[in-house]
1. I need a count of the residues in the stretch 34-60 that are over 16 Å from the mean Cα position of the chain (by Cα), exposed (fewer than 13 other Cβ atoms within 10 Å of the Cβ) and in a helix (DSSP H, G or I).
2. Specify the residue that is farthest from LEU71 (Cα to Cα); the eligible residues are those in the stretch 10-25 that are touching a residue at least 12 places away in the same chain (Cβ under 8 Å) and surrounded by fewer than 19 Cβ atoms within 10 Å (Cβ to Cβ).
3. Filter the stretch 55-91 down to residues that are within 20 Å of GLU29 (Cβ to Cβ), at pLDDT 90 or above and out of contact with any Asp or Glu (no Cβ under 7 Å at 6 or more places or on another chain), then give me how many there are.
4. Being charged (D, E, K, R) and free of Cβ contacts under 8 Å to residues at least 40 places away in the same chain, is that true of even one residue in the stretch 48-55?
Amino acid sequence: MNNDEKAFYVWIGRRIAELRKNRKLKQYELANELGMNRVSILNIEKGKQTPPLYTYYKIAKILGVSYQELLPLNSEHTLNNNDIMKAQLDSEDLNYKDKEIFKNLI
């Protein structure tokens with residue numbers, strides 16, 4: 001997965017977490033409704049797990065939004081260089097020194 005793809009999934013994960021918290025749902029509650037475990041939700045919210053597209057549809061439905069609202073499709077919800085750098089920072093491809101450099105750039 002390239003950095004743009006990582007940033008995309010990190011962005012979606014953060015959006016899911018934001019919507020879930022706004023609805024005062026715990027990760028385990030969302031997981032139960034989806035028939036998943038809490039760790040899967042945690043990983044989806046961090047952009048580390050990319051479930052099938054239909055799972056995103058089900059998440060959106062549970063959160064009371066359209067699936068399009070999970071995506072960065074308009075100027076209010078766009079990926080920027082910081083999103084890409086944050087995704088790279090979450091990557092396991094970087095060593096400690098490189099991660100510190102990225103942290104200073106963000």
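1. Going through the stretch 34-60 one residue at a time, the tally reaches 0.
2. LEU25
3. Total satisfying the criteria: 9.
4. no
The values are calculated or read from the model by the stated rules, or taken from the named source; none is laboratory data. Predicted, not measured: the structure shown is a model, and the values here were computed from it. We place every Cβ from the backbone using ideal geometry, glycine too, and count neighbours over all the protein chains shown.
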